[in-house]
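I have placed the structure first, in the form of structure tokens, so that the comments after it can refer back to it.
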Amino acid sequence: MKDDIWHRDEIESPCVKVCVIHPQERLCTGCLRTAREITLWSNMSQDERREVMDDLANRSGRLRKRRGGRAARLKRQD
């Protein structure tokens, strides 16, 4: 039996199962989508999904690594 039955012509979700929304940028740190895009993904048209996918590469630079967490933040306030 062939797997052609299960083949779909949709754009697959970019989800990598690391679902954490960055507090400032409001982007998922795993897939770089906004919470709204994640929520609406299953109802988006192929063109809408393609637009999101095309923009993901531009978003990665918006996320900066945390530098020391709470301890570093408190130290900076001194």
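The values are calculated or read from the model by the stated rules, or taken from the named source; none is laboratory data. Note that the structure is predicted; figures quoted are calculated from it, not measured. Positions of Cβ are backbone-derived with ideal geometry, glycine not excepted, and every protein chain shown enters the neighbour counts.
At a glance:
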read-out	value
Residue match in the range 7-15 (condition: out of contact with any helix residue (DSSP H, G or I) (no Cβ under 9 Å at 6 or more places or on another chain), surrounded by 10 or more Cβ atoms within 10 Å (Cβ to Cβ) and at pLDDT below 95)	no
Wholly within the range 18-78, helices (runs of 4 or more DSSP H) carrying at least 1 residues that are of a type outside the set (G, A, S), surrounded by 14 or more Cβ atoms within 10 Å (Cβ to Cβ) and touching a residue at least 24 places away in the same chain (Cβ under 8 Å)	46-59
Within the range 23-57, tally of residues that are more than 13 Å from the chain's Cα centre (by Cα) and acidic (D, E)	3
